[in-house]
1. Answer with yes or no whether S406 is closer than 22 Å to T194 by Cα and not in a helix (DSSP H, G or I).
2. Right, T220: surrounded by fewer than 20 Cβ atoms within 10 Å (Cβ to Cβ) and under 30 Å from S41 (Cβ atoms) or not?
3. Could you grab me the full set of residues in region 259-281 that are crowded, with 17+ Cβ neighbours inside 10 Å and not in a helix (DSSP H, G or I)?
4. Within region 90-99, can one find any residue that is surrounded by fewer than 19 Cβ atoms within 10 Å (Cβ to Cβ) and among the charged types (D, E, K, R)?
5. Within region 366-378, track down each residue that is within 16 Å of F300 (Cα to Cα) and either without any contact (Cβ under 8 Å) to a residue 60 or more places away in the chain or surrounded by fewer than 19 Cβ atoms within 10 Å (Cβ to Cβ) (or both).
6. Checking the conditions here, which among A158, A162, A168 is under 17 Å from S298 (Cβ atoms), of a type in the set (G, A, S) and modelled with pLDDT of 95 or more?
7. What are the residues in region 72-93 that are assigned to a loop (DSSP other than H, G, I, E, B) and either farther than 17 Å from E378 by Cβ or in contact with a Leu (Cβ under 8 Å, 6 or more places away or on another chain) (or both), if any?
8. Pairs only if they're at least six apart or on different chains, beta carbon under 7 angstrom, first in region 330-352 and more than 18 Å from L126 (Cα to Cα), second modelled with pLDDT of 95 or more and in a loop (DSSP other than H, G, I, E, B); list them, first residue then second.
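The values are calculated or read from the model by the stated rules, or taken from the named source; none is laboratory data. As the structure is a prediction and not an experimental result, all values here were calculated from the model. Backbone-built Cβ (ideal geometry, glycine too); neighbour counts: all protein chains shown.
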Amino acid sequence: MKNFRALSVALVSALTLTGCGVIPGTGSDTRTVRIWLMQDSVSDDFLKRFTTSYEKDNPSVELDVTFQEWTGIGKKVMAALESGKGPDIIEVGNTQVAQYAESDALLDLTLESVRDLGNEQWLPGLAEPGSINGSQYGIPWYAANRVVIYNKDLFADAGITAVPRTRAQWLDASEQLDDNGVQGIYLSGQDWYTLSGFIWDEGGDLAVERGGDWQATLDTPAALRGMAFYKELQAHGDGPKAADEQTPPQAEVFAQGNVAQIIAVPGAATVIEKANPDLKGKLGYFPVPGKTAERPGSVFTGGSDLIVPEKARQRGAAIEVVKALAGTRWQTDLARTMNYVPNKTSLAGVLKDEEGTAAMAAGAARGRATPNSPQWAEVEADNPIKTYMTAVLQGKNAARAARQASERITDVLARG
């Protein structure tokens, strides 16, 4: 989702020893908090600022940060949790918390989330996946979600002077733009994350838990209405019906100059402008429109939570570091540095001067995450939702295709 320069940072500082329960002048009493962050999640400058400041304020603590690759991280985290020899803090994808919590190897951070971290203001798309059976195991850290990126020149040429704020306005604008060799919107047929938002807006869901069992719900009337809207919107462009947004990469298609809109994270603008420098200064952003103008549409929220292993060697010190990273000061710094959405809706104002990120933050307030089942990753591995979407866009019976997809997903979710 992000295009940031690679990082290779491991910061360890030896500092003067003071503090509660620590004997001054005894080097062996320094507590080293080991942290796993994901590659490219933060910049070199941000990490240096945080580490220097935190160690200055907490001279009995030093931070040892190691960066991990996303590929294969699930098995590596599970092994660390089981062995008790892993790090004290781990950054994980927000939708991964459930599979780690299932191991009973995560520290319950419910008290800290209520007492110290203002959990009532957290973005739902980060907070809900981190909460399992009423206990908070994942502390929201940062978020990113899709917005509409549009070509300002093509909007002006079509006589559109205001960005759409409702679904109806969005459909009208997309139809008006879809003319004279211009695609009103480029929307691939298997962009199931975008479909999820439309389903949520209709009051539906991808799957629900009933009595401890998960059941897919693509065949409900609400979910079918979400798919019907997707089909209507997708028709105002030439996006492939049997491929996702990476086949071909939609940012590269947009960069050709004859596409009015795509649905993507704001960072896609970097790819677009690199491919076509003539588009610099000509890109605009707005939140995915909702059914009414009062609030934007629902969107899938990606991002990261922070977890603390139950067997963490420096559990108390780790909790304090997590509280700092998730607190207002460093959330503000992280959001401005990395163009992320901060973990609280109350902090959205810190992004008001960044058009793309501000649009993202507006949508994040209505963000959601995928079903909180430990088996959901298996659903995505061979995703029946994509097959279902293609079938509907190619004219197959939507209710029948949705029922078939729901049955397949329910079977996968039952394997746990």
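1. So S406 does not fit the description; no.
2. no
3. V259, A260, Q261, I262, I263, A264, V265, P266, G267
4. Within region 90-99, none of the residues are surrounded by fewer than 19 Cβ atoms within 10 Å (Cβ to Cβ) and among the charged types (D, E, K, R).
5. A377 - this is the single residue of region 366-378 that is within 16 Å of F300 (Cα to Cα) and either without any contact (Cβ under 8 Å) to a residue 60 or more places away in the chain or surrounded by fewer than 19 Cβ atoms within 10 Å (Cβ to Cβ) (or both).
6. Step by step, each of A158, A162, A168 is checked, and only A168 is under 17 Å from S298 (Cβ atoms), of a type in the set (G, A, S) and modelled with pLDDT of 95 or more.
7. If the condition is that a residue be assigned to a loop (DSSP other than H, G, I, E, B) and either farther than 17 Å from E378 by Cβ or in contact with a Leu (Cβ under 8 Å, 6 or more places away or on another chain) (or both), then G84, K85, G86, P87, D88 are the ones that fit.
8. T337/S43
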